[in-house]
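Structure, as structure tokens:
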Amino acid sequence: MLFDTIVDIRAIAEHRADPRSILVDCRHGLADFGAGRRAYDEAHIPGAFFADTETDLAGEKTGKNGRHPLPDRDAFVAFLRRNGVDDDTQLIAYDAGADMFAARFWFLARWIGHEAVAVLDGGYAAWVAAGYPVNADVPVRPAGTIVAREPLDGLLDAAAVEAGAGVLLDARASERFRGEVEPIDPVAGHIAGARNRWFKENYDERGFWKSPERLARELAEHGSPEEIVHYCGSGVSAAVNLLAYKIAGLPGSRTYPGGWSEWCSSRR
């Protein structure tokens, strides 16, 4: 069965032995880049390999291309191959739960044209709370054969955004959007004309994704999906809003992956 948005922890627990299904641990901390690796080394869902947001899921920084530029496509494909991923592999990404990093992996897998990728609903926290096993074993698999294909979602660069390519939807917290605080980037504020939907608004109070129906009602206020252009600080939490549109049955929205960190650095 193809999972291409989110997947329930029970479904994964029942199919962990399927060699065509591979789990990806994407836990990370923007204030502590080593937090995810330490958490993975301590314990993770059995069979999962680790994806580092700063290295595996981002490219080289130039000072003008944002904090998490897109990785080199060939390098990202090589990373997946080293971890045993084939064209027919079902990828399941997870983070701590109700976070942004698994969605970043989902976005990148779709960026290289891989449709069979989903996010584990509730993440690692839900897996542990349900009493499912964890261990510290690092999986070893034969090299995979996945190849890159056309991206499955639309991308825009800064020039297209500046030209007014759509309705900008900023995924950062409201206080950062309003420019009241800016803990990471050198300039506070947002791209002129943007609207705000904090990525956390896509999760319920338990840390699970809201229902498709509820998401569709909430997202409708921002306009048709074909108009929407997602962005955030650096292209990570924007992926959560993109995924929310997909879960809600609203395809066609696009992403500006450079985000505010690229936008403000190129205009200083």
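The values are calculated or read from the model by the stated rules, or taken from the named source; none is laboratory data. All figures in this text were calculated on a predicted structure; none of them were measured in a lab. Counting neighbours? That spans all protein chains shown, and the Cβs are built from the backbone with ideal geometry, glycine included.
Points worth noting:
- For LYS200, the conditions (1) more than 23 Å from ALA98 (Cα to Cα); (2) not in a loop (DSSP other than H, G, I, E, B) are fulfilled apart from (1).
- Restricting attention to segment 60-104, the residues that are part of a loop (DSSP other than H, G, I, E, B) and without any contact (Cβ under 8 Å) to a residue 24 or more places away in the chain add up to 4.
- Residues that are closer than 20 Å to ASP18 by Cα and part of a helix (DSSP H, G or I), drawn from segment 110-137: GLY123, TYR124, TRP127
- Among the residues making up segment 239-268, those that are within 14 Å of the chain's Cα centre (by Cα) and farther than 18 Å from ALA159 by Cβ are ALA239, VAL240, ASN241, LEU242, LEU243, ALA244, TYR245, LYS246, ILE247.
- For segment 142-193, a residue qualifies if it is farther than 16 Å from GLY233 by Cα and among the polar types (S, T, N, Q), and exactly one does: THR145.
Residues are listed down the side, and each one gets a yes or a no for (1) closer than 18 Å to ALA126 by Cα; (2) among the acidic types (Asp, Glu):
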| position | (1), (2) |
| --- | --- |
| THR5 | yes, no |
| ASP18 | no, yes |
| SER21 | no, no |
| ASP32 | no, yes |
| HIS44 | yes, no |
| ALA58 | no, no |
| PRO71 | no, no |
| GLY97 | yes, no |
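- Any hit, segment 138-147, residues being assigned to a loop (DSSP other than H, G, I, E, B), among the small types (Gly, Ala, Ser) and surrounded by 16 or more Cβ atoms within 10 Å (Cβ to Cβ): yes
- The set of residues from segment 106-122 being touching a Lys or Arg at 6+ places or on another chain (Cβ under 7 Å) and surrounded by 20 or more Cβ atoms within 10 Å (Cβ to Cβ) comprises ILE112, VAL117.
- Scanning segment 163-176 for residues that are of a type outside the set (Ser, Thr, Tyr) and loosely packed, with under 13 Cβ neighbours inside 10 Å yields ALA163, GLY164.
- Search result, residues across segment 60-95 that are under 15 Å from the mean Cα position of the chain (by Cα) and either surrounded by fewer than 20 Cβ atoms within 10 Å (Cβ to Cβ) or more than 12 Å from VAL24 (Cα to Cα) (or both): ARG67, HIS68, PRO69, LEU70, PRO71, PHE76
- ALA125 vs. criteria hydrophobic (A, V, I, L, M, F, W, C), modelled with pLDDT of 95 or more, assigned by TED's automatic domain parsing to the domain that holds ASP87 and surrounded by 13 or more Cβ atoms within 10 Å (Cβ to Cβ): yes
- The set of residues in segment 226-268 that are basic (Lys, Arg) and not in a strand (DSSP E or B) comprises LYS246, ARG267, ARG268.
- Scan of segment 49-59 for residues that are farther than 24 Å from GLU150 by Cβ and part of a loop (DSSP other than H, G, I, E, B), ordered by number: ASP52, THR53, GLU54, THR55
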